[in-house]
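The values are calculated or read from the model by the stated rules, or taken from the named source; none is laboratory data. Since this is a predicted model, take the numbers as computed values, not measurements. Positions of Cβ are backbone-derived with ideal geometry, glycine not excepted, and every protein chain shown enters the neighbour counts. Side chains included, ligands, DNA and RNA excluded: accessible areas come from the protein's heavy atoms. Shrake-Rupley method; radii C 1.70, N 1.55, O 1.52, S 1.80 Å.
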Amino acid sequence: MKKSSHKDTEAERHPLVFYDGVCGFCQRVVQFIIPRDRSAAFRFVAIQSETGSRLLRRYGLDPAELNTFVLLEQGRVYTRSTAGLRVLRRLDGAWPLLYAFIVVPRPLRDVVYRWIAANRYRFFGKSDSCMLPPPEVRERFLDT
């Protein structure tokens, strides 16, 4: 049996947000989460990283075909608007109130999500490399 790495253990203990490391919007989402997650519950990993790709494959997702927001929480994978709402539910402030939108049928919620995802590079740009997290939060990133 293969021994678990420290990164795998972190992914099991903390909700893990997978993000597109070259997407300007996705990087902004991570930067939005960090200050609103004062308990430092979330960990982050770029889809393009070795760790991100390996973990996604373990949960049956193809990182090469992925253009969605992914949350791994307690061994379950959530995508698109469901992942986003589950993240908001755990943030500080009034953000958890938005979790009420979970009652809206997922296909309706995902229409807006898919439109943003399809246009994210055009609206928010694309960088040549993944963002480098500031030192004070670097330990929350599994791929640095």
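Laid out as a table, the results:
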{"quantity": "P96 vs. criteria modelled with pLDDT of 80 or more and either touching a helix residue (DSSP H, G or I) at 6+ places or on another chain (Cβ under 9 Å) or of a type in the set (V, I, T) (or both)", "calculated": "yes"}
{"quantity": "Flag for V137 being of a type in the set (V, I, T), at pLDDT below 95 and surrounded by 13 or more Cβ atoms within 10 Å (Cβ to Cβ)", "calculated": "yes"}
{"quantity": "Subset of segment 7-39 (residues that are surrounded by fewer than 17 Cβ atoms within 10 Å (Cβ to Cβ), hydroxyl-bearing (S, T, Y) and either farther than 16 Å from D143 by Cβ or modelled with pLDDT of 80 or more (or both))", "calculated": "S39"}
{"quantity": "Residue pairs meeting the criteria (Cβ under 8 Å; at least 6 apart or on separate chains; first free of Cβ contacts under 8 Å to residues at least 24 places away in the same chain, in segment 51-68; second open to solvent by 80 Å² or more (accessible area, probe 1.4 Å) and of a type outside the set (D, E, K, R))", "calculated": "P63/Q48"}
{"quantity": "Selection within segment 62-104 - touching a strand residue (DSSP E or B) at 6+ places or on another chain (Cβ under 7 Å) and either among the aliphatic types (A, V, I, L, M) or open to solvent by 70 Å² or more (accessible area, probe 1.4 Å) (or both)", "calculated": "V70, L71, L72, V77, A83, V87"}
{"quantity": "Any helices (runs of 4 or more DSSP H) falling wholly within segment 1-115 and containing at least 2 residues that are of a type in the set (D, E)", "calculated": "6-13"}
{"quantity": "Yes/no for A46 being closer than 12 Å to F18 by Cα, of a type in the set (G, A, S) and touching a helix residue (DSSP H, G or I) at 6+ places or on another chain (Cβ under 9 Å)", "calculated": "yes"}
{"quantity": "Identity of the residue in segment 69-97, touching a residue at least 12 places away in the same chain (Cβ under 8 Å) and among the aromatic types (F, W, Y), that ends up farthest from V17 (Cα to Cα)", "calculated": "W95"}
